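The structure under discussion appears below in the form of structure tokens.
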Amino acid sequence: MTYIDNLEQFPYPFKGNMYRYSNNSIPLDVPKSVDITSNYEEEIKLKRQLLRDHPKRCFQSLSHTLKAQWEILALVMNHLVNYYPDKFSLTKTNTLWTFRNLILNETQQFIYGDESTLLQQPLDFIGRHVQEDLILMSERDGNLYLDAGQLCFPANWSLAFDLGMSFREIHYPIPGFKEEKLDDRILNFLLRLEAGNPWGRNNWSLMAGNRLDTSLETFDDWGKGRKQVTAENAGDLVHLRVEVQTLFRLSRSNGILFTIHTHLLPLRKLAEKRAWLEQFYHILQELPPYIVDYKGLSLFKDVVIDYLKVQLEKEDAS
Amino acid sequence: MKEHTIPVFIKSIEKLTPQVKQFTLSPINMTKLPPFSGGSHIITYIAGENGFITRAYSLTNLPDQTDSYQIAIRLSENSNGGSKYWHESIKMGDFLKISYPKNHFPLSFKAKHHVFYAAGIGITPFLSMMAELRERKTTFELHYASKSEDLCSFYSLIKENFADETTFYFSNRHNKLSNETLLDHRIGTHVYFCGPESFISSFRNEAERLGYPKSSIHFEHFAVSFSKNNKAFQVKLTTGSSISVSKDQTLLEALLINGINAPYSCRVGRCGTCEVKVIEGEIEHNDTFLTEDQKNGHECMLTCVSRAKSEKLVIQLN
């Protein structure tokens, strides 16, 4: 089983030959929080397995977030039926809502605002119908806090650990984040986020392996892959991991919905596009040590650079 | 950045007092308007002779009432277009555009008790805030000053819904609201002020003097107060162009009229979106966004409310 994007669908994240941390958010032309790809059924199956086997690792919420969770459910359902009317439907009779997922052939009726009519909390319920991880940041007394989330595919972080933490506390480990005042600037940017004007950004890392569920809690399982990268296997083992993220201000609760859709592409596929191959080779070569370290690339970056170089030379020769 | 707006029409107009009119706005394309959080406002955009007349008004209806919005506007004696236009030219059935709800005056999450101080039309943001607290089952009180019962907007609505929480102060009955009541609140109380500039600063200063933590003091200016002593000035952009700002125009308005794509959002010096770098010149800061240190540094300013102290400024747009 693989969860690999094909080349055409893949959200290649780079714009130049150099990469640094920045607030690279841009306004979304289409206000859409979720995307359905060809991996939908596989990924939803995996998500639900993880939620069943590791519920506390994958879903957390503080008790004051229920209203905001309902608001997220409504927003995501509206996006699903508006952007994918052949795959989802929603009918409302007063507060009785009927939601249909036609891909999975599932129907759920519930009373909007009444938790006892759903098997899960609202955020946990709607998260089981989308490939995205869904995070709620509450605005409380001028700061943002991670107060609820459904997170199945984290890039080496822990929802249970971060629950209730402020934006600054969560991002504290990022090197240079505080020194360059990026934390203040991005926090101010987020606090100014307004309803009706959502934003999006991409984030990236390199993975030794093709797992989507790389939680901090299971690092012992997947982290050792970093030691197994060789020039021979890099093309298949190493993946460019890209997170397509969106940010929506919730008008009723004044919270922020943060969505993360994770895509994986093996380097062998990346190398098929000459422009990407060349650019990514330059980016990796130039990447400063503090970013290499934080992204967990120290153990296999050089092997990957060698691999990319060989691919470039191969193409030049042919 | 181009802001997404919502087209609405004027469904009804009601005279609340000899000076205040209430306007009900209903959506044109959508069946429902977004719900909002207590304290939210919208920006209204009305096509005028010299471009759009844009003003911020608090939403006075209930946060979950989504079939229409209501705003209440007081005719201001020295109106420079906004309230005069609303009072004299707007008719039922007129079309206009509004922003999505924004909240720059949110309720505190940690407050043990909330106390609202309103003078005149400053009552407007508190109506949705009190409705929200009622729903949260949190305690609050309202101190509301007006010239007389006849000139007191929402008098009967407040009497009907918030009689136990409200004290009215009518100056025609020599019952003046004094900032000494700030002494009566228990530790953990958050205070909120809304009204004319002099009212807000008197209560803010007294609250600070009494030792209220800054984070427990909240206030909202509901309009930019145009000083009669405003002077015209010249602005040079680092890109080369020169612009004149007349005495009854803001720097932001001058930039926009000259076709410069300057960023902005709230237009009352609160959100910080319109911040620009100042290369040369002294600034008269009128915003409540920048810190004292930033203001004294004279290296940045908010174009929506701040002006030049010197005759000329050199600014850089990002």
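The values are calculated or read from the model by the stated rules, or taken from the named source; none is laboratory data. It should be emphasised that the depicted structure is a prediction, and the values quoted were computed from it without experimental measurement. FYI the Cβ positions are ideal-geometry reconstructions off the backbone, even for glycines, and counts take in every protein chain you see. These accessible areas exclude ligands, DNA and RNA; they are computed on the full protein's heavy atoms, side chains included. Shrake-Rupley method; radii C 1.70, N 1.55, O 1.52, S 1.80 Å.
Worth pointing out:
- Filter result (within 14 Å of chain A (Cβ to nearest Cβ) and out of contact with any Pro (no Cβ under 8 Å at 6 or more places or on another chain)) within the range B:53-64: B:ALA56, B:ASN61, B:LEU62
- Taken over the range A:190-206, residues that are open to solvent by 40 Å² or more (accessible area, probe 1.4 Å), among the charged types (D, E, K, R) and either in contact with a His (Cβ under 8 Å, 6 or more places away or on another chain) or within 14 Å of chain B (Cβ to nearest Cβ) (or both) amount to 1.
- Set B:ALA56, B:ALA72: member being open to solvent by 10 Å² or more (accessible area, probe 1.4 Å) and outside the structural domain of B:ARG186 (by TED's automatic domain parsing): B:ALA56
- Members of the range B:13-38 found to be hydroxyl-bearing (Ser, Thr, Tyr) and in contact with a strand residue (DSSP E or B) (Cβ under 6 Å, 6 or more places away or on another chain), listed by number: B:THR24, B:SER26
- Any chance B:SER153 is assigned to a loop (DSSP other than H, G, I, E, B) and within 14 Å of chain A (Cβ to nearest Cβ): no
- Residue that is nearest to B:ASP94 (Cα to Cα), among those in the range B:8-34 that are within 14 Å of another protein chain (Cβ to nearest Cβ) and modelled with pLDDT of 95 or more: B:VAL8
- Among the residues making up the range A:96-111, those that are in contact with a Leu (Cβ under 8 Å, 6 or more places away or on another chain) and of a type in the set (Val, Ile, Thr) are A:THR98, A:ILE111.
- The range B:88-126, residues that are part of a helix (DSSP H, G or I) and either open to solvent by 40 Å² or more (accessible area, probe 1.4 Å) or more than 14 Å from chain A (Cβ to nearest Cβ) (or both): B:GLU88, B:GLY120, B:ILE121, B:GLY122, B:ILE123, B:THR124, B:PHE126
- Filter result for A:ALA275 (open to solvent by 50 Å² or more (accessible area, probe 1.4 Å), hydrophobic (A, V, I, L, M, F, W, C) and at negative phi): yes
- Some residue of the range B:130-151 being of a type in the set (S, T, N, Q), surrounded by 19 or more Cβ atoms within 10 Å (Cβ to Cβ), within 22 Å of the chain's Cα centre (by Cα) and under 22 Å from B:PHE36 (Cβ atoms): no
- Only listed residue being farther than 17 Å from A:ILE72 by Cα and within 14 Å of the chain's Cα centre (by Cα), chosen from A:PRO175, A:PRO154: A:PRO154
- Test: residue in the range A:141-148 that is crowded, with 18+ Cβ neighbours inside 10 Å, under 19 Å from the mean Cα position of the chain (by Cα) and farther than 21 Å from B:PRO35 by Cβ: yes
- Here A:MET165 meets the list (1) hydrophobic (A, V, I, L, M, F, W, C); (2) within 25 Å of A:PRO288 (Cα to Cα); (3) surrounded by fewer than 16 Cβ atoms within 10 Å (Cβ to Cβ) almost entirely, failing just condition (2).
- Here B:SER215 meets each of (1) open to solvent by less than 30 Å² (accessible area, probe 1.4 Å); (2) within 14 Å of chain A (Cβ to nearest Cβ) with one exception, condition (1).
- Residues in the range A:61-106 that are open to solvent by 40 Å² or more (accessible area, probe 1.4 Å) and touching a residue at least 40 places away in the same chain (Cβ under 8 Å): A:LEU62, A:HIS64, A:LEU66, A:LYS67, A:TYR83, A:LYS87, A:ILE103, A:LEU104.
- Of the strands (runs of 3 or more DSSP E) entirely within the range A:1-104, none holds at least 1 residues that are under 17 Å from the mean Cα position of the chain (by Cα) and at pLDDT below 95.
- Residue in the range B:18-38 that is open to solvent by less than 10 Å² (accessible area, probe 1.4 Å), β-branched (Val, Ile, Thr) and under 30 Å from B:LEU177 (Cβ atoms) present: yes
- For B:CYS274, the test of being surrounded by 15 or more Cβ atoms within 10 Å (Cβ to Cβ), under 19 Å from A:ARG185 (Cβ atoms) and either modelled with pLDDT of 85 or more or within 14 Å of another protein chain (Cβ to nearest Cβ) (or both) is passed.
Listed here are the residues, each with its yes/no results for (1) over 20 Å from the mean Cα position of the chain (by Cα); (2) crowded, with 20+ Cβ neighbours inside 10 Å; (3) in a helix (DSSP H, G or I); (4) of a type outside the set (Gly, Ala, Ser).
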site: A:ILE283; (1), (2), (3), (4): yes, no, yes, yes
site: A:SER298; (1), (2), (3), (4): yes, no, no, no
site: A:ASP302; (1), (2), (3), (4): yes, no, yes, yes
site: A:TYR307; (1), (2), (3), (4): yes, yes, yes, yes
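- So B:ILE71, is it among the β-branched types (Val, Ile, Thr), within 21 Å of the chain's Cα centre (by Cα), within 14 Å of chain A (Cβ to nearest Cβ) and under 27 Å from B:MET30 (Cβ atoms): no
- B:LYS137 meets all of the listed conditions (1) among the basic types (Lys, Arg); (2) away from every other protein chain (no Cβ under 14 Å); (3) without any contact (Cβ under 8 Å) to a residue 12 or more places away in the chain but one, namely (2).
- Members of the range A:207-231 that are of a type in the set (A, V, I, L, M, F, W, C) and open to solvent by less than 50 Å² (accessible area, probe 1.4 Å): A:MET207, A:ALA208, A:LEU212, A:TRP222, A:VAL229
- Lone unmet requirement of (1) without any contact (Cβ under 8 Å) to a residue 40 or more places away in the chain; (2) open to solvent by 20 Å² or more (accessible area, probe 1.4 Å); (3) within 14 Å of another protein chain (Cβ to nearest Cβ) for A:GLU179: (3)
- The strands (runs of 3 or more DSSP E) found entirely in the range B:218-318 that carry 1 or more residues being in contact with a His (Cβ under 8 Å, 6 or more places away or on another chain) and within 29 Å of B:ILE98 (Cβ to Cβ) are B:300-302.
- Residues satisfying the criterion are present in the range A:256-263 (criterion: within 14 Å of chain B (Cβ to nearest Cβ), among the hydrophobic types (A, V, I, L, M, F, W, C) and either open to solvent by 10 Å² or more (accessible area, probe 1.4 Å) or outside any helix (DSSP H, G or I) (or both)).
- Candidate set from the range B:39-52 (those that are more than 14 Å from every other protein chain (Cβ to nearest Cβ) and within 20 Å of the chain's Cα centre (by Cα)); member that is most open to solvent (accessible area, probe 1.4 Å): B:PHE52
- Check on B:THR167, assigned to a strand (DSSP E or B) and open to solvent by less than 70 Å² (accessible area, probe 1.4 Å): yes
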